[in-house]
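To start, the structure itself, in structure tokens.
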Amino acid sequence: MEYEENFNLICDMVEDAFGVNVTYDEPEDFGGEELPNEEAQKFYQLLNEMNTPLFDGSSESKLSMCVRLLAAKSNWNVPDQCLEFFVKMMLDSTAMKDNLPTTFYEAKKLVSKLGLRVRKIDCCINGCMLFYDNEFGTQDGLLEECKFCMSPRYKVPSRAVNTNQDRVAVKSMFYLPIIPRLKRMFASMHTASQMTWHHTNKTSSGTMRHPSDGEAWKHFDRIHPDFSAEPRNVRLGLCSDGFTPYVQASGSMYSCWPVIVTPYNLPPEMCMTKPYMFLTCVIPGPSSPKAGIDVYLQPLIDDLKRLWIGEWTYDVSRKENFTMRASLMWTINDFPAYGMLSGWGTHGKIGCPHCMGNNKGFTLDKGGKSSWFDCHRRFLPRNHSYRRNMTNFKKDVRVKDSPPPRLPPWAIWEQVSELPKFTDTGKACRIEGYGVTHNWTKRSIFWDLPYWKDNLLHHNLDVMHIEKNFFDNVFNTVMDVKGKTKDNEKARQDMKKWCNRRELELKPLPNG
């Protein structure tokens, strides 16, 4: 069952941490090895305190039982009172007396001491800004209304409310800090020993088994040798997409956007598994944030800036403290989300982020949609026979030009460096020349990272989405699925203009 799998994953992580047998009273117990820093000591001490058995002979600890109870509530949506009833029944029928929390609140409070907390940050109802403070210059935490659209931060009560009662924000987002999670990976013997796999398992075979075998990773190492000199420094990937958690009775859709960060230091069989896909942001709906996604990513970007400077961390596998740094290597998204995160609009004739202004797309006269039919023969070798084919592609067209050049990172930075940021304007700005010479909608918030302009690969496309959409279109057209096929009257009329396929052209009937 899913519950058992989730619980086993949680137990493995907790047991790995418990397996660190550390005594803090006598430094000699470390055999001359370095003591954990103060934060790590508090964590280990907390684990030792919570690891006491529920009763003599029990294999369960206070912490593991609380984790199981919270997992049961999450998996089956058990009401608080029902959970508390089960706990009381356990206490009445077993030797467990005072060693188990009796309420859901107490269990949640105990587990929250592990330090992986959640921040609830108030947002503008229109997504213009966060009411949020940081050490990088943003001091908006005390504002009562949006500084862009002047919308109120809090709901207006329908009647007089006690002034001591907390006010309710109109809209909030959840942020799960990434720094404590990365530190915990070095606090467990199981994961700490694997955080240098990419360094100790290098290959020269030319086969790509891991992101570290790719050119983008190696390029980053050459640009930042001080970062790559410490193999424990963390490389991260980010992905985000919208999903509908539920459908309201009225039929209107609610789109929620989770943002997930994955550490790539781990071996291939670990780095893309559920325990190491860290949910960092939950961007609220009810609709897609579009270009305003940068507003909600601000807390994560601030943490990534701190991680580039470094965080003092204890590595339990080497029994030493070190300065852990981290960098975001790239993002992975489908094509619409690609446009939201990169700032290059993916709609229109020049929506391709590779070809950019050198795109040869055109608009169909009858269909009215943008088309890129026969725009890719220029990527073929110079002597390829398809370049001279004037029948099976656009009629009477030979292709002689070369593919567009791939812009280096510094050239892209020159294009975006003067563009407005969404976080500075609170709205999407129409930049002069959009849709004609470029498709830039903003300067993405990722360019605030000091190393982003050095990354060889900024954004990746999720192949699964592309394959699925391509298959759907081909299948629905071949099977002539009503309402979904691409073979219609307008398509046949446009085909007559661009293609040399007379057998597929529309034929007028005698009656008109």
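Numbers for the structure displayed
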read-out	value
Yes/no for ALA17 being open to solvent by less than 70 Å² (accessible area, probe 1.4 Å), at pLDDT 85 or above and aliphatic (A, V, I, L, M)	no
Near pairs, Cβ below 7 angstrom, 6+ apart or cross-chain, from the stretch 238-261 (over 15 Å from TYR296 (Cα atoms)) to any residue that is in a strand (DSSP E or B) and modelled with pLDDT of 90 or more	PHE243/CYS256; PRO245/CYS256
Residue pairs meeting the criteria (Cβ under 6 Å; at least 6 apart or on separate chains; first at negative phi, in the stretch 47-61; second among the charged types (D, E, K, R))	MET50/LYS62; LEU54/GLU60
Where a residue in the stretch 186-206 is more than 15 Å from ASN233 (Cα to Cα) and touching a residue at least 40 places away in the same chain (Cβ under 8 Å) and its partner, wherever it lies, is open to solvent by less than 20 Å² (accessible area, probe 1.4 Å) and part of a loop (DSSP other than H, G, I, E, B), with Cβ under 9 Å and at least six apart	SER188/VAL20; SER188/VAL316; MET189/VAL20; MET189/VAL316; ASN201/HIS210; ASN201/PRO267
Test: SER93 is within 21 Å of LEU114 (Cα to Cα) and not β-branched (Val, Ile, Thr)	no
Tally, over the stretch 414-438, of residues that are open to solvent by 40 Å² or more (accessible area, probe 1.4 Å), closer than 12 Å to GLY343 by Cβ and without any contact (Cβ under 8 Å) to a residue 60 or more places away in the chain	3
Single condition THR346 does not satisfy, out of (1) part of a loop (DSSP other than H, G, I, E, B); (2) modelled with pLDDT of 90 or more; (3) open to solvent by 70 Å² or more (accessible area, probe 1.4 Å)	(3)
Every residue from the stretch 194-213 that is buried (at least 16 other Cβ atoms within 10 Å of the Cβ) and more than 30 Å from GLN45 (Cα to Cα)	HIS198, HIS210, PRO211, SER212, ASP213
Breaking point among (1) more than 30 Å from THR52 (Cβ to Cβ); (2) over 22 Å from the mean Cα position of the chain (by Cα), for TYR175	(2)
Any hit, the stretch 182-193, residues being of a type outside the set (A, V, I, L, M, F, W, C), surrounded by fewer than 16 Cβ atoms within 10 Å (Cβ to Cβ) and either modelled with pLDDT under 95 or in contact with an Asp or Glu (Cβ under 6 Å, 6 or more places away or on another chain) (or both)	yes
Considering residues of the stretch 220-230 that are touching a residue at least 24 places away in the same chain (Cβ under 8 Å) and open to solvent by 40 Å² or more (accessible area, probe 1.4 Å) only, the residue farthest from TYR264 (Cα to Cα)	ILE223
Scope the stretch 439-457; condition of a type in the set (A, V, I, L, M) and either without any contact (Cβ under 8 Å) to a residue 40 or more places away in the chain or under 28 Å from CYS124 (Cβ atoms) (or both); matching residues	ILE445, LEU449
Residue match in the stretch 166-181 (condition: over 23 Å from ARG119 (Cβ atoms) and open to solvent by 50 Å² or more (accessible area, probe 1.4 Å))	no
Candidates CYS146, CYS123, filtered to the one that is at pLDDT 95 or above and closer than 18 Å to CYS281 by Cα	CYS123
Answer residue from the stretch 374-399, given it is in a loop (DSSP other than H, G, I, E, B) and in contact with a Lys or Arg (Cβ under 7 Å, 6 or more places away or on another chain) and is most open to solvent (accessible area, probe 1.4 Å) among those	ARG398
Among (1) within 15 Å of the chain's Cα centre (by Cα); (2) open to solvent by less than 10 Å² (accessible area, probe 1.4 Å) - the single one ASN233 does not satisfy	(1)
The stretch 439-494: number of residues that are closer than 30 Å to TRP308 by Cβ, out of contact with any helix residue (DSSP H, G or I) (no Cβ under 7 Å at 6 or more places or on another chain) and exposed (fewer than 15 other Cβ atoms within 10 Å of the Cβ)	1
Conditions (1) out of contact with any Lys or Arg (no Cβ under 9 Å at 6 or more places or on another chain); (2) within 23 Å of LEU456 (Cα to Cα); (3) charged (D, E, K, R); number of the one not met by LYS319	(2)
Residues satisfying the stated conditions in the stretch 423-446, i.e. aromatic (Phe, Trp, Tyr) and under 22 Å from the mean Cα position of the chain (by Cα)	TRP440, PHE446
Failed criterion for ASN134 (all others in (1) closer than 29 Å to TYR154 by Cα; (2) in contact with an Asp or Glu (Cβ under 8 Å, 6 or more places away or on another chain); (3) free of Cβ contacts under 8 Å to residues at least 40 places away in the same chain hold)	(3)
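The values are calculated or read from the model by the stated rules, or taken from the named source; none is laboratory data. Keep in mind that what you see is a predicted model, and the values were worked out from it rather than measured. A quick note on method: Cβ atoms are made from the backbone with ideal geometry, for glycine too, and the neighbour counts reach across all protein chains shown. Areas reflect the complete protein model, heavy atoms only, side chains present, ligands, DNA and RNA absent. Shrake-Rupley method; radii C 1.70, N 1.55, O 1.52, S 1.80 Å.
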